[in-house]
Amino acid sequence: MRLVKIAACAVLLAALLGGCSSPFWVDSEQPQNAVLKPYNHLYVGWVGLREDDWQTYGYATKEEWAGQIRDFNIKGLQAYVKEWMPGKQVSGPQGPEQGPPAEGDLYIKFTYQGIEQHWDGFSATPDQMKLEVEFIDLATKETVYKNTMVATSLGRFGPRNWACNVFDGRIDNTMYNLAEWLSLKLGS
């Protein structure tokens, strides 16, 4: 009987700890452990999800998917950066075609590398968006930090967790987690 209780506790502990994962991580960075000066006006670049992938993700038309990409960037990432960093002025492009910013102290440039879809209702394994992130000081036009990273669709308890059941919700969670990482990296 004692062995059964120990085994049950081990299974419960494994189940609880197995569900714990990080919403983001950095694979490589230059410079490592960068100390960044305080930036007050952040220009959040565009995460360029591929418009031609509309059928892959189950959209009826390319235009519908392009509109969703726009929302992920403007109503998602840009809004979440404002939420995570209320003391900062945050701006960003209104579309993917806009070039480098004419405003701001720090340009946060994203190079989208793809999404690995891992989600299924049984495993609750989050999707992973791979990105290259570059911080460009707009006064000097120099890159002060660059990395390759992964932002996941991991949703915490409540509505963010429930959103994982649909693709749009998982991408929205990914943008939210990316904004959280930015706030941690920029010390806000």
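Of note:
- Expressed as a whole percent, the accessible surface of segment 23-101 that belongs to carbon and sulfur atoms is 47, based on a 1.4 Å probe.
- Between S28 and E132, the contour length at 0.36 nm per residue exceeds the Cα-Cα span by 36.5 nm.
- Computed lengthening from L184 to Q55, 0.36 nm per intervening residue step minus Cα-Cα distance: 43.0 nm
- When each of the peptides 66-77, 35-46 is scored by the mean number of other C-beta atoms lying within 10 Å of its residues, the order from highest to lowest reads 66-77, 35-46.
- V35/V166 FRET efficiency (R0 45 Å; Cβ-Cβ; nearest 0.05): 0.70
- Highest to lowest packing among 139-152, 90-103, scored as the average C-beta count within 10 Å: 139-152, 90-103
- Full-stretch length increase - D71, H118 - with 0.36 nm per residue and alpha-carbon distance subtracted: 14.6 nm
- Prolate/oblate/rounded call for segment 17-130, Cα gyration tensor, a/c under 1.5 rounded: oblate
- Ranked by the mean number of other Cβ atoms within 10 Å of their residues, highest first, the peptides 130-138, 25-33, 175-183, 108-116 fall in the order 175-183, 130-138, 108-116, 25-33.
- Lysine pairs in segment 72-188 whose alpha-carbon atoms fall under 14 angstrom of each other, counting only those eight or more residues apart or on distinct chains, come to 6.
The values are calculated or read from the model by the stated rules, or taken from the named source; none is laboratory data. Everything quoted here is computed from the prediction, not taken from an experiment. Neighbour counts run over all protein chains shown; Cβ positions are idealised from the backbone, glycine included. Just the protein is used for accessible areas: all its heavy atoms, side chains included, with ligands, DNA and RNA removed. Shrake-Rupley method; radii C 1.70, N 1.55, O 1.52, S 1.80 Å.
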